[in-house]
Amino acid sequence: MDIDVGEDVADAVRVVIAEDSVLLREGLTRLLTDRGHEVVAGVGDGEALVKTVAGLAGENALPDVVVADVRMPPTHTDEGVRAAVRLRKEYPGIGVLVLSQYVEEQYATELLAGSSRGVGYLLKDRVAEVREFVDAVVRVARGGTALDPEVVQQLLGRSRKQDVLAKLTPREREVLGLMAEGRTNSAVAKQLVVSDGAVEKHVSNIFLKLGLSPSDGDHRRVLAVLTYLNS
């Protein structure tokens, strides 16, 4: 079966994949290359990921985004996310998208605690939704955010005790959750079955209540979520 890649080629990105399961790593590679993207390297542990990116940096050929499993050898605990956090600090221009079997709040918070540019946290089940997964990779590579709906729900749910959250109405919380997933205002409007204007009003109110000024630019959407995590 032929795959239509025309829509994706214009947004083609260079990717490094870190996943210890050879089957999944090859599967992710196929998903991305079939849609016009370039997987420049595939590795099986966190140490190899750091070394690979450092080598590419030395060749002035850094990838646009790294896709990494949270748990990798040798202990299968946090090697992947620690490597991801390190790469975000050493190479802030690279997007980092981590994959996890289930929501691990500590790791998600650690990853999101730094710069708000180019970061994503998805559950591995989301890979089965091919279009959404590939879109998330491209969005993170371009400096955007991609958070799994379940991640958002747990992180925001944990913060419901915070006074800052009490400033928002239930609908504003719902809008914020969809924003944090990386959805545009139009996509939020479609999901909630409301007008674009209504969503724009909710978003403006959220920014106002969280003290995010226009000078914070487009990344106010991510900063709104980080405000909860850091409160």
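Please state the shape class of segment 6-147: rounded when a/c is under 1.5, otherwise prolate if a/b exceeds b/c and oblate if not, all from the C-alpha gyration tensor. Before the final figure, lay out the partial values.
Numbers: a/c = 1.25, a/b = 1.16, b/c = 1.08.
Here segment 6-147 falls in the rounded category.
Scan around Gly143 for amide H atoms under 5 Å from its own, H built in the peptide plane at 1.01 Å from N, and keep only partners 5 or more places away or cross-chain.
Distant-sequence amide H within range of Gly143: Gly118.
Give me the percent of DSSP beta bridges within segment 6-147 that run antiparallel, rounded to the nearest 5.
Numbers: 0 of 22 bridges.
Percentage antiparallel, nearest 5: 0.
So what's the net charge close to Gly44: Lys and Arg +1, Asp and Glu -1, counting the other residues with Cβ under 14 Å from its Cβ? Write out the running numbers ahead of the final one.
Working: positive: Arg25, Lys51, Arg71; negative: Glu19, Asp20, Glu26, Asp45, Glu47, Asp69, Glu79.
Computed value for this residue: -4.
Ranked highest first by average number of other Cβ atoms within 10 Å, how do 63-71, 128-136, 39-47 line up?
Working: 63-71: 25.3, 128-136: 16.2, 39-47: 19.2.
Taking the mean over residues of other Cβ atoms within 10 Å, the ranking is 63-71, 39-47, 128-136.
Mind giving me the FRET efficiency for Arg131 and Asn60? R0 is 41 Å, r the Cβ-Cβ distance, nearest 0.05 is fine. Spell out each step's value before the answer.
Working: r = 32 Å, r/R0 = 0.79.
Computed FRET efficiency for Arg131 and Asn60: 0.80.
Only the coordinates and a few stated rules stand behind these numbers; no lab work does. Quantities reported herein were computed from a predicted structural model and do not represent experimental measurements. So basically every Cβ, Gly included, is an ideal-geometry build from the backbone, and we count neighbours across all protein chains shown.
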